[in-house]
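Input: a single structure, listed below in structure tokens.
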Amino acid sequence: MPPVAGDDGEDGTVAFERYTSPFEPKSSHSSGPLRSLKRVLIANRGEIALRIIRACHEEGIEAVAVYSAADRGSAHVRAADRAIAIGPSQPSESYLSIERLIAAARESGADAVHPGYGFLAERAAFAEAVKAAELIWIGPPAPAIRAMGDKIEARRRMRAAGVPVVPGGEAPVQDRAQARMLAEEIGYPVMVKAVAGGGGKGMRVVMDPGGLEAAFDTAASEALKSFGDAAVYLEKFIQRPRHIEIQVLADEERTVHLGERECSIQRRHQKLVEEAPSAALTVDLREWMGSAAVSAAQAVGYRGAGTCEFLLANDNSFYFLEMNTRIQVEHPVTELVYGVDLVREQLRIAAGEPMRIHGGWMAPRGWAMECRITSEDPSSGFLPSTGRIEYLRVPGGPGVRWDGAVDIGDEITLHYDSMLAKLIVWAPDRAQAIGRMRQALDELVVAGVATNQAFHRRLFADPEFQRGDIDIQFLERRTDLLAPGKAPERMLDLAVAAALAEHQAREARRPAAVTESVAGSEWARQARAEGLR
């Protein structure tokens, strides 16, 4: 039995102090500014950049944004204390340019760089460049990023640390002939995976020998295009597992875990919905998986926030999948059920200060769920949608959180990821969380671009999902949830049209003098120029 809050465990560990509410962190979270961090450059964009800016401000730290030509008027630019242009809209010439980001950090006088997620967040070369520039890297050490970024090396290290891994090869597969031999040894079905992979790229499932060669060629080609490395390896394909990930935090003295997130609702290996905790885990299983994640992090000398991903089989056996050496898109659900601000903990750890978590065991409180709201059209096979956001109504109320960085008038382009925002809810239990999410989805209105909102509405109304009978192949079986619906979508379209018409009418009635007096003031122009230099 795990120790209760405030008690010492039999093994001498001290239990976590439980917070009274996931929305009211302990007063220790409001401590003074971090002495060694005065200014942080955020090497990212969108909602994660805005999220980090808010965390910096709560810690008394100045935040410096960077922006491409397409993001000149973005929310993260407006929220930062200073913003620096880093190039044209193409990511390769802006957000993926190490040289330009380091130059921006030097120009701004930043003490540290936070990479967010995506772009260069898991590039060891970027972490090394930041360190070489005598700046603080808000993330794990470069060797840990490199070890976990190479899937073969990660498997080797996990085996050595006693962490269970999916049966498979221990080296890259050189050619088709070797792939055939190894697949027969492992046993079908198998998964062909990119050695340098992530995000579902360079992955193919092979159910029988007839599909192996084509899958091998396709995965290698996709890996080369996505990661610049065509190397692939083979592992056993576990049928109908759950995708469970464990959040870890590590400072100079300790490594702890903050429970699990259920991420089984996926389409083509891309997560669509996440929740914490998981309906499949018992207290004991949570501790077993948590201990494995801690061992994994310790095996590579991890520091900061990271996530170990596992496959959980029907018999409760589990296997290490990979480690994401950064903050996760879905981190808010963990924050809500554990009452911990993970981004602020990242800042503290990078500054050389101990995390605010006191060690031991901590139980999740309540249930949190997250929907990724993307500019993708379910009626067209989830193709990206572009355009101008003509109207936006964000849901609210108790237990509702909106992590987004889009507003009316923003242009949605094909330059960047299609995620517009994350809609997160918290409630005392899973059933109430589902009900709260359904209400929030009904309140949400986005006009001007197609979104996946209708898909989420169908999913959360589905009895099988509501029972928690899910796994990573759930949407492969339930393609009806991916297909466009009938009446509910038409009603939603009418609601959006009505809201847009009301907004346009209101704008037409707005006195012109008021708009000109604000937008045209010399003070506003000067402030804008200063913020965008």
Handout entry: Residue check, Ile102 in a helix (DSSP H, G or I), at pLDDT 95 or above, β-branched (Val, Ile, Thr) and within 30 Å of Ile357 (Cβ to Cβ)
Key = no
Fill in the blank from the handout: Gly87 fails exactly one of (1) on the phi > 0 side of the Ramachandran plot; (2) touching a residue at least 40 places away in the same chain (Cβ under 8 Å), namely (2)
Exercise for the section: Could you list, in sequence order, all residues of the stretch 68-79 that are touching a residue at least 60 places away in the same chain (Cβ under 8 Å) and either outside any loop (DSSP other than H, G, I, E, B) or closer than 17 Å to Arg106 by Cβ (or both)? Expected result: Ser68, Ala70, Ala75, His76, Val77, Arg78
Completion exercise
The residue that is surrounded by the fewest Cβ atoms within 10 Å (Cβ to Cβ), considering only those in the stretch 153-178 that are under 25 Å from the mean Cα position of the chain (by Cα) and farther than 30 Å from Ile102 by Cβ, is Pro164
Practice task
Return the residue satisfying two criteria in turn: it lies in the stretch 207-247 and is under 22 Å from the mean Cα position of the chain (by Cα) and polar (S, T, N, Q), and of such residues it is least open to solvent (accessible area, probe 1.4 Å).
Solution key: Gln247
Exercise for the section: Name the single residue, out of those in the stretch 134-152 being of a type outside the set (A, V, I, L, M) and not in a loop (DSSP other than H, G, I, E, B), that is most open to solvent (accessible area, probe 1.4 Å). Expected result: Arg146
Exercise for the section: Please work out which one of (1) among the aliphatic types (A, V, I, L, M); (2) modelled with pLDDT of 95 or more; (3) open to solvent by 10 Å² or more (accessible area, probe 1.4 Å); (4) farther than 30 Å from Arg365 by Cβ is the condition Ala483 fails and give its number. Expected result: (2)
Practice task
Give the residue that is surrounded by the fewest Cβ atoms within 10 Å (Cβ to Cβ), with candidates limited to residues of the stretch 366-403 that are in contact with a helix residue (DSSP H, G or I) (Cβ under 7 Å, 6 or more places away or on another chain) and assigned to a loop (DSSP other than H, G, I, E, B).
Solution key: Glu390
Exercise for the section: May I ask you to list pairs of residues, at least six apart or on different chains, whose Cβ atoms are under 6 Å apart, with the first in the stretch 460-471 being open to solvent by less than 40 Å² (accessible area, probe 1.4 Å) and the second being among the basic types (Lys, Arg)? Expected result: Phe460/Arg438; Asp471/Arg240; Asp471/Arg242
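The values are calculated or read from the model by the stated rules, or taken from the named source; none is laboratory data. The shown structure was predicted, so the numbers you read here are calculated from the model rather than taken from an experiment. Cβ sites come from the backbone with ideal geometry, for glycine too, and all protein chains shown count toward neighbours. The area values use the complete protein model at the heavy-atom level, side chains included, leaving out ligands, DNA and RNA. Shrake-Rupley method; radii C 1.70, N 1.55, O 1.52, S 1.80 Å.
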